[in-house]
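Please read the structure below before turning to the comments.
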Amino acid sequence: MSARPIPSAASRLRAFAAAIAVLSTLILPASAKPPDPAPFDALLRAHVKAGRVDYPAFRDEAAFRAYAGALGAPFGAAGREERLAGYINAYNAFAIQGILDGLSPSSFLGRQRYFKLQTWPIDGRSISLERLENDVIRPFGDPRIHFAIVCASKSCPPLRGEAYVAERLDVQLDDQARQFVNDPSKNRFDKATRTAHLSEIFKWFDEDFRGAGSVQKYIARYVADPEVARDLANDGYAVKWLAYNWSLNGTAPQR
């Protein structure tokens, strides 16, 4: 997950990237598609508990290395949901691999390497996590992806203990949104002072949430407290941003 706002030209770049992605589906073999998520699903179920990641366990799994290697093949003419699920899984897999390789987003320079400089083989190309997020995943136009891609940090959304799959993608993304919005370690709502203490994710990607009218209106769709939801739907809260905690979201791998 990128740590900086996207420049104003980003929307045009994302539109161009989306057009190229569509064109690629016309020239790649119809049989090409994202790798079967079942092996990654089994690994996540075994090694992620309540969002906490057992990184040493992933390092010891040949199945994880095989799945990450398979992500380099073209995704081809798969449907929208299958491709989006494949890209989210790819982001999360290589976010884990980055930690195993000794990268870390815990410092400013570390974030440059982790998000921007390191590239990974995904869908027939070599791409950084930042470009995968901003040029490939965000053009799908679903803000809920910000609650699904996880960059190995405590303030990120919790890593889901299962892989994303096309046939349940909408349900999975909705569940992630509700979990994230209502997690008091990520977002807090003070009814006495009518102040929303929000994750900086909503600041960094403000433009993605404004399809609902405002960030507050978007959050109102998912917040569990009906009184808070009503006030947010009317932009009735002051907003303060919670400092992002970039420390590791699990057990560090052995060096």
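The values are calculated or read from the model by the stated rules, or taken from the named source; none is laboratory data. Just so we're clear, the structure is a prediction, and the values are computed from it rather than from any experiment. For neighbour counting, all protein chains shown are included, and Cβ atoms are generated from backbone atoms with ideal geometry for every residue, glycine included. With ligands, DNA and RNA removed, areas are computed over all heavy atoms of the protein, side chains included. Shrake-Rupley method; radii C 1.70, N 1.55, O 1.52, S 1.80 Å.
Around the Cα centre of the chain, unit charges on the Cβ atoms of Lys, Arg, Asp and Glu (plus for the first two, minus for the last two) sum to a dipole of about 600 debye.
Relative to one another, the C-alpha centroids of region 89-133 and region 204-235 are positioned 30 Å apart. Note on the chain: with a GNM built from Cα contacts shorter than 10 Å, the maximum mean-square fluctuation among Lys191, Lys217, Lys154 falls on Lys191. The Cα atoms of region 79-182 give a gyration tensor whose axes a ≥ b ≥ c have a/c of 1.5 or more with a/b no greater than b/c, which makes the shape oblate. In the context of the full set of protein chains, the chain has a per residue accessible area of 45 Å² (1.4 Å probe).
Once the gyration tensor of the Cα atoms in region 169-213 is diagonalised, the equivalent ellipsoid follows with semi-axes of 20, 15, 10 Å, ordered largest first. Given +1 at the Cβ of Lys and Arg, -1 at the Cβ of Asp and Glu and no other charges, the dipole of region 39-156 around its Cα centre is 300 debye to the nearest 20.
Each principal axis of the Cα cloud of region 133-198 was taken in turn, and the coordinate range along them, longest first, works out to 41, 25, 22 Å. Can you give the angle from 0 to 90° between the axis of helix 80-100 and the longest principal axis of the chain, with both taken from C-alpha atoms, to the nearest 10? So the helix axis and the longest Cα principal axis differ by about 90 degrees. Taking 0.36 nm per residue of separation and subtracting the Cα-Cα distance, full extension of the segment from Leu109 to Trp241 would add 45.3 nm.
With a cut-off of 13 Å on the backbone N, the residues of region 205-239 near the modelled label site 7 Å out from Arg194 along Cα-Cβ are 228, 230-239. Each residue was assigned an accessible area with a 1.4 Å probe, and for Ile149 the value is about 0 Å². Glu82 contributes an accessible area of around 60 Å² to the protein surface, as traced by a 1.4 Å probe with all chains present. Tell me the angle of helix 10-27 to the major Cα principal axis of the chain, expressed in degrees between 0 and 90 and rounded to the nearest ten. For helix 10-27, the angle is close to 40 degrees. With kT/(6 pi eta Rh) evaluated at 37 °C and eta = 0.692 mPa s, and Rh the Kirkwood radius from Cα pairs, region 99-255 diffuses with a coefficient of 195 µm²/s according to Stokes-Einstein. Where the accessible area of the chain is counted over protein heavy atoms with a 1.4 Å probe, how much of it, in %, is carbon and sulfur? Of the solvent-accessible surface of the chain, carbon and sulfur hold 55 percent. Listed by chain and number, the lysines whose alpha-carbon sits under 30 Å from that of Lys186, ignoring those within fewer than 8 places in the same chain, are Lys49, Lys116, Lys154, Lys203, Lys217, Lys240. Proximity of backbone amide H atoms, modeled 1.01 Å from N, is registered between Trp241 and Leu198 at under 5 Å, excluding neighbours fewer than 5 places apart on the same chain.
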